[in-house]
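The block underneath contains the structure these notes are about, expressed in structure tokens.
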Amino acid sequence: MPEVITTELNMLEQVDLKPYNTFGLSAFARYFCSVTSVNDLQRALAFAKEIDLPVFILGGGSNILLREDFPGLVIRIALEGIVSHPQDDGSVIVTAASGENWHGFVEYCLHNGFYGLENLALIPGSVGAAPIQNIGAYGVEVKDSITELQLLDCDSMSIEVMTAEQCDFGYRDSIFKNELKGRKIVLSVSFRLHTTPDVNLVYGALAQALAQTTDSPRPQDVFDAVCQIRRSKLPDPKILGNAGSFFKNPVISVMQYEKVLQLFPTIPSFPVDQRTVQKKYNEAVDAVKIPAAWLIEQAGWKGKTLGGATVYHLQPLVLVNSGNASADEIVALAGQVMESVKAQFEIVLEPEVQWIPAK
Ligand code: EPU
């Protein structure tokens, strides 16, 4: 049992993070505490500052690869609470604390008649992690509904508000992965949702699945279909450790795409938003998004195992801990996948999962 060294903050020493990351990797935190109030969070940060410890903020642990023990303080955000404010225009602003479970929040909204997040059902992780990488699935990204974030500034320890525009959201990207990395902590997130049923069926596979059961799908139908599709191809981390998509879908210029198309005429492509393209190329370029799953499958990796790590046989974008994998084995498998995709297609895959420490 880790020793409790301050009763007030429940600061623990030498804690195995295995239960706190969905890959199920063992790595020890020098110090660890869970915070349920902003005040506790401020005190935990002050503790780290005083003895000059690095800090890692942990949400649901569903998008991280813990490569080694962490020599500093891991703060697990356990802030809870959801409030809603109906607006004159018929919409509702719903604010959720960052420690709320994402899927639980999506369910809460649906049950209360607040619509717009159904396509994002069953994404593992916490509300606070959602804006960091702008989670997205089945044609919807969380940035589409976010109005603002409430944050704690790690230097001044003051509470701030940032609007969605200031967050510079892109495909699996935001200012919190770039300029503001490690400088702000999300306390709560506000969303503008609809109070009249409104469904988003732009994603082909989702529309097709729903067409088989109903002519006029309701938000509940979309939620059910998304859960069903996800359960059919994404492994449940409680059963098979994983961190969802391990790689991002690469964005390449249309010029490059046309070259690859000549050699591989069946390569699929999807549209990509302009902000993401602008960030990548620093200018307006015609570009497309290529499904990494397709590239990995073509490169022959579907279902392949290296030690305890496997490229998931139903969705090769996901690497799984198939048998007591070490972080090194997952890293080695990812490296080999990246190398062979590069060799075959001249396309560079980028991990979507956050490596700790970074490479
Ligand atoms: N594909 C294959 N082989 C496969 C599976 C997929 O070639 O075995 C190709 C097909 O061309 C298919 C395309 O990949 O049409 C897209 O597949 P899918 O709908 O499963 O989505 P994805 O692009 O692979 C992204 C997100 C997922 C999200 C789904 C659904 C990223 C990195 N991943 O995956 O997000 O659930 O779309 O919208 O953008 C996550 O981020 O953890 C995650 C699971």
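The values are calculated or read from the model by the stated rules, or taken from the named source; none is laboratory data. Because the structure is predicted, anything quoted here is derived from the model rather than measured. When we count neighbours, we look across all protein chains shown, and the Cβ atoms used for this are built from the backbone with ideal geometry, even at glycine. Please note that ligands, DNA and RNA were not included when accessible areas were found on the heavy atoms of the full protein model with its side chains. Shrake-Rupley method; radii C 1.70, N 1.55, O 1.52, S 1.80 Å.
Structure values in brief
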| read-out | value |
| --- | --- |
| Cα-based Kirkwood hydrodynamic radius, the stretch 44-103, one decimal, Å | 14.3 Å |
| Hydrodynamic radius of the stretch 261-324 per Kirkwood, over alpha carbon pairs, in Å | 13.8 Å |
| Packing-based order for 273-282, 316-325, 17-26, using average beta carbon neighbours within 10 Å, highest first | 316-325, 17-26, 273-282 |
| Relative contact order %, the chain, counting alpha carbon pairs below 8 Å whose residues are six or more apart | 15 percent |
| Dimensions (Å) - the stretch 105-163, Cα atoms, principal axes, largest first | 37, 23, 19 |
| The stretch 154-292, accessible surface, carbon-and-sulfur percent (1.4 angstrom probe) | 52 percent |
| Solvent exposure ordering (accessible area, 1.4 Å, most first) of Lys238, Lys233 | Lys238, Lys233 |
| Extreme residue, positive dipole direction of the chain, given options Leu193, Val38, Ala129 (C-beta unit charges) | Ala129 |
| Largest-first principal axis extents of the Cα set of the stretch 1-88 (Å) | 51, 30, 24 |
| Spatial separation of Cα centroids for the stretch 269-323 and the stretch 27-82, in angstrom | 30 Å |
| Size of electric dipole in the stretch 1-103: Cβ of Lys, Arg +1 and of Asp, Glu -1, about Cα centre, debye, nearest 20 | 240 debye |
| Given charges at Cβ of Lys, Arg, Asp, Glu: the chain dipole, positive-most of Leu240, Ile347, Ile51 | Ile347 |
| Contour minus Cα-Cα distance for Gln228 and Lys359 (0.36 nm per residue) | 43.6 nm |
| Dipole axis of the chain (+1 Lys, Arg; -1 Asp, Glu on Cβ), positive-most option in Gly335, His111, Leu151 | Gly335 |
| Where Arg231, Arg218 fall by accessible area, highest first, once all protein chains stay in place (1.4 Å) | Arg231, Arg218 |
| Cα-Cα pairs of the stretch 119-226 separated by more than 23 Å (percent) | 36 percent |
| Separation of the Gln220 and Glu297 label points, Cα + 7 Å toward Cβ, nm | 3.4 nm |
| Sparsely packed GluC sites (Glu not before Pro) within the stretch 232-335, loop by DSSP, other Cβ within 10 Å at most 13 | Glu283 |
| Rg to Rh, two decimals, where the stretch 54-140 supplies the alpha carbon set and Rh follows Kirkwood | 1.04 |
| The stretch 269-338 - charge dipole about Cα centre, Lys and Arg +1 at Cβ, Asp and Glu -1, debye rounded to 20 | 80 debye |
| log₁₀ of I(q)/I(0) at q = 0.30 Å⁻¹ - the stretch 156-197, Debye sum with one point per alpha carbon | -1.25 |
| 1.4 Å probe accessible area per residue over the stretch 183-281, in Å² | 57 Å² |
| Cα-centred dipole magnitude for the chain, charges only on beta-carbon of K, R (+1) and D, E (-1), debye, nearest 20 | 860 debye |
| Share of carbon and sulfur in the accessible heavy-atom surface of the stretch 1-110 [1.4 Å probe, %] | 49 percent |
| Hydrodynamic radius (Kirkwood) for the stretch 1-155, which is based on Cα pairs only, to one decimal in Å | 16.9 Å |
| GluC sites (Glu not before Pro) restricted to DSSP loop in the stretch 64-154 with at most 12 other C-beta within 10 Å | Glu68 |
| Radius of gyration, Dmax [the stretch 218-305; alpha carbons; angstrom] | 16.4, 44 |
| Stokes-Einstein D for the chain, Kirkwood Rh over Cα pairs, 25 °C, 0.890 mPa s (µm²/s) | 114 µm²/s |
| Greater than 24 Å apart at Cα, pairs in Lys233/Lys302; Lys18/Lys302; Lys259/Lys304; Lys18/Lys289; Lys143/Lys238; Lys49/Lys143 | Lys18/Lys302; Lys259/Lys304; Lys18/Lys289; Lys143/Lys238; Lys49/Lys143 |
